[in-house]
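Take a look at the structure set out below.
The values are calculated or read from the model by the stated rules, or taken from the named source; none is laboratory data. Computed from a predicted model, the values in this text were never measured in an experiment. Counting neighbours? That spans all protein chains shown, and the Cβs are built from the backbone with ideal geometry, glycine included.
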Amino acid sequence: MTAPAHLIKGWCPGALRPMCSGDGLLVRVRPRAGAFSVPTLRAIAETAARFGSGEIDLTNRGNLQLRGVSEDTFEPAIAALRSVDLIDTSAAIEAVRNVVVDPLCSVDPDRGNVRDLASRFEDALAEDARLLALPGKFGFSFSGNSELRVGGRTADIMVASEADRFVIGLDEAADFCAVVPENEVIKATRGLALAFLDLAAEHATLRRMKDAVARFGAAEIFEMAGLKASSRSPKAEAVSAPAGMLARGDRVFGVGIGLPFGRIAAGQIERLCQSAAGVKLEDVFTGSQRILIFAVGECASAKRLLQAANDAGLITSNDDVRLEMDVCPGSPGCGNATTDTRADARRLVEALNGTLSGYSVHVSGCEKGCARRSAADFTLVAHAGRYDLIRRGRPGDPIALANVEADDIGNAVSRFILESAS
Ligand code: SF4
């Protein structure tokens, strides 16, 4: 399919600026402050089934991405999404509304609820025309506890709730932060984004906040934003996947449902929504871990929802090895791929389910490594229909085993696991 000229061919698609991929257009829908209502989620599934391939990705920024939309079905798909208020007023506003919210912040009673604050910040982003110049990947996050990262992932500017104050930090500088009261968070965060834009206007190579931190230092950027900042011991808590029944002691507060390799079919969403509506749930929350979070305060309802998810083939336990696997779309979804990464990852799980536990795995259709930025215990990079295996690294790092047939990746990984255990 040939993409119309207005379609972006690079990264970070939106709904109004879809990206052309191997299986059609990718139409990415952003939640409002990290939340979709259950009826809205249902509408997304209906739209995906009617106007796309029916497959939907949950991205690592909590967005839902409809796959396989064609040039002919693009406009009706947008109309359907607009009818449930999922479309921003312009592509520029959609692009700047790049905000990840801790999905547990309005679910776990031990976390601060930053959702309303994040919602007001999204409004502020849309209202300040200067911020529309931020680069497409530039993002913000709001954490419900004192750990700046959300789900273990950093953002360019991060806000974290700490008692009755808020810590604001920059990517690659979590040890130097400003602390402000709630009524100053939006102004402070906006000021930091504008400081970045001022620096980027003078230095065209600055694409992300970490570039600016590396060049000028965090202290200079805080000063430009008129903020006092000081050293702080960064909190880097171990990140566990909030999948399955979420409880503290006997007190159930939620359910987390994982999407195998970040993808769900429209029919699976429909079954999940039916069950969620049956136990009177109104919203679903997304974050950076490819897990849908529901606030459920009652054990029987939680069990019912988990059973429906399990029946639909979704992940309902936090020890499911698929939660530790990052798998890019591969073939046929991406034109750069030479292997069906998702089918190969499934085969790997079937072959090694018991022994993969505790290891991170990245299956990449090419050297670009879209699915994961950090190193993994096992990284499989495809080229010409075969895989190179990298130990404790990322695509481009030294290869431990080259040219492994797709059918043989289970044996290859197993061999390294056995070697490291002996
Ligand atoms: S890693 Fe390569 S094959 Fe996979 S989605 Fe990215 S560009 Fe496509």
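Suppose the filter is touching a helix residue (DSSP H, G or I) at 6+ places or on another chain (Cβ under 7 Å) and either within 21 Å of residue 65 (Cβ to Cβ) or surrounded by fewer than 22 Cβ atoms within 10 Å (Cβ to Cβ) (or both); does residue 330 pass it?
Against the criterion (touching a helix residue (DSSP H, G or I) at 6+ places or on another chain (Cβ under 7 Å) and either within 21 Å of residue 65 (Cβ to Cβ) or surrounded by fewer than 22 Cβ atoms within 10 Å (Cβ to Cβ) (or both)), residue 330 qualifies.
Out of 52, 34, 22, 14, I need the residue that is crowded, with 24+ Cβ neighbours inside 10 Å and either in the same structural domain as residue 283 (by TED's automatic domain parsing) or in contact with a Cys (Cβ under 9 Å, 6 or more places away or on another chain) (or both). Which one?
34
Would you point out the residue of the stretch 337-389, among those that are acidic (Asp, Glu) and away from the ligand (no atom under 14 Å from the Cβ), that is surrounded by the fewest Cβ atoms within 10 Å (Cβ to Cβ)?
In this case the residue turns out to be 350.
If residue 259 meets every condition in (1) in contact (Cβ under 8 Å) with a residue 40 or more places away in the chain; (2) surrounded by 14 or more Cβ atoms within 10 Å (Cβ to Cβ); (3) of a type outside the set (Phe, Trp, Tyr); (4) not assigned by TED's automatic domain parsing to the domain that holds residue 298 apart from one, which number is that one?
(4)
Looking only at the stretch 123-155, which residues are in contact (Cβ under 8 Å) with a residue 24 or more places away in the chain, not aliphatic (A, V, I, L, M) and not in a loop (DSSP other than H, G, I, E, B)?
Of everything in the stretch 123-155, those that are in contact (Cβ under 8 Å) with a residue 24 or more places away in the chain, not aliphatic (A, V, I, L, M) and not in a loop (DSSP other than H, G, I, E, B) turn out to be 130, 140, 141, 142, 143, 153.
Look at residue 304 and say whether it is more than 9 Å from the ligand (Cβ to nearest atom), at pLDDT 90 or above, more than 22 Å from the chain's Cα centre (by Cα) and surrounded by fewer than 22 Cβ atoms within 10 Å (Cβ to Cβ).
So residue 304 fits the description; yes.
Just the residues that are over 23 Å from the mean Cα position of the chain (by Cα) and of a type in the set (D, E, K, R), please, taken from the stretch 347-402.
Once the filter is applied, which keeps residues that are over 23 Å from the mean Cα position of the chain (by Cα) and of a type in the set (D, E, K, R), the stretch 347-402 yields 347, 350, 386, 388, 391, 397.
Select from the stretch 156-204 the residues that are of a type outside the set (A, V, I, L, M, F, W, C), over 21 Å from the mean Cα position of the chain (by Cα) and assigned to a loop (DSSP other than H, G, I, E, B) and list them in ascending order.
164, 181, 203
Those residues that are farther than 12 Å from residue 55 by Cα and buried (at least 20 other Cβ atoms within 10 Å of the Cβ), I need them from the stretch 262-274; list them, please.
272, 273
Say we look at the stretch 299-337 and pick out the residues that are of a type in the set (A, V, I, L, M) and part of a helix (DSSP H, G or I); which of these is nearest to residue 248 (Cα to Cα)? If you could, list the steps in order and put the result at the bottom.
Within the stretch 299-337, the subset of a type in the set (A, V, I, L, M) is 300, 302, 305-306, 308-309, 312, 314-315, 321, 323, 325, 327, 337.
Remaining after also requiring part of a helix (DSSP H, G or I): 300, 302, 305-306, 308-309, 321, 323.
On the way: 300: 16, 302: 14, 305: 18, 306: 17, 308: 23, 309: 22, 321: 23, 323: 21 Å.
The qualifying residue nearest to residue 248 (Cα to Cα) is 302.
Filter the stretch 138-184 down to residues that are more than 19 Å from residue 111 (Cα to Cα) and among the aromatic types (Phe, Trp, Tyr), then give me how many there are.
2
Among the residues of the stretch 258-281, is there at least one that is in contact with a Phe, Trp or Tyr (Cβ under 9 Å, 6 or more places away or on another chain) and on the phi > 0 side of the Ramachandran plot?
No, the stretch 258-281 contains no residue that is in contact with a Phe, Trp or Tyr (Cβ under 9 Å, 6 or more places away or on another chain) and on the phi > 0 side of the Ramachandran plot.
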